[in-house]
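The values are calculated or read from the model by the stated rules, or taken from the named source; none is laboratory data. Model, not experiment: these values are computed from the prediction. Don't worry about glycine lacking a Cβ; one is built from the backbone with ideal geometry, like all the others, and counts go over all protein chains shown. Areas reflect the complete protein model, heavy atoms only, side chains present, ligands, DNA and RNA absent. Shrake-Rupley method; radii C 1.70, N 1.55, O 1.52, S 1.80 Å.
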Amino acid sequence: MTMPAIGDMAPEIAQPANGGVDFRLDDLKGKKVVLYFYPKDNTPGCTTEAKDFSAQIEAFTNSDTAIVGVSKDSVRKHENFIAKHDLKVTLVSDENGDLCERYGVWQEKNMYGRRYMGIVRATFLIDREGRIAHIWPKVRVKGHADEVLAAAQALA
C-alpha cells in the first residue's frame, strides 16, 4: 500500500497503547498529532528518536500537539522501553501490522544485500481536523524532532 497523501484524512487508529489504553486517533480531534512510525524498541536510532521527541514534549504540548509513536512491538515491550529511557510519548502497538499497511510504511528494505519487509521510519503531522498536513518519509533521526516541532508550531 502507498502512503496517504498530504490533504488526505489520516487513517483511523484503534490500537492498544502503553498505559493500558486503547488509543484512538479520533479522541485527539481538535489537536495536532505527530504520528511517527519506527522499526523497533530499544534499537539505537529508535531510542534516539523517542528520546528526542520526549525532550521536546513541553514545546509540543504548548503548541497543542500530541506525539504518538507506532511500531510492531507489544505493549509490554513499549512499557519497558518507556521505563528504561523515561520516555514521555505515547507508544501504540501494531503487532498485526494493519496500521503500518494503512499508512504505507510496511515496505521492502535492503540491508547488506539482504531484502526483507520492515517498517520504514516515517512521520506524519496531522492537523486539527484529522487531515495529513506534512509527511516525512524515510526519516533521518538527527534533528528530526526539531524539524517536526517547527512544522507543528507553524500549523494553525
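Table for the structure above
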read-out: Test for Glu49: is it part of a helix (DSSP H, G or I) and under 23 Å from Asp127 (Cβ atoms); value: yes
read-out: Any hit, the stretch 84-95, residues being open to solvent by 80 Å² or more (accessible area, probe 1.4 Å), in contact (Cβ under 8 Å) with a residue 12 or more places away in the chain and farther than 25 Å from Ala55 by Cβ; value: yes
read-out: Count of residues meeting criterion [more than 8 Å from Gly69 (Cβ to Cβ) and assigned to a strand (DSSP E or B)] in the stretch 36-46; value: 0
read-out: Residue match in the stretch 96-115 (condition: open to solvent by less than 20 Å² (accessible area, probe 1.4 Å), in contact with a Lys or Arg (Cβ under 8 Å, 6 or more places away or on another chain) and either modelled with pLDDT under 95 or small (Gly, Ala, Ser) (or both)); value: yes
read-out: Search result, residues across the stretch 19-55 that are open to solvent by 30 Å² or more (accessible area, probe 1.4 Å), touching a strand residue (DSSP E or B) at 6+ places or on another chain (Cβ under 8 Å) and not charged (D, E, K, R); value: Gly19, Leu28, Pro39
read-out: Pick from the stretch 57-79, criterion surrounded by 22 or more Cβ atoms within 10 Å (Cβ to Cβ) and polar (S, T, N, Q), ranking: farthest from Pro16 (Cα to Cα); value: Thr65
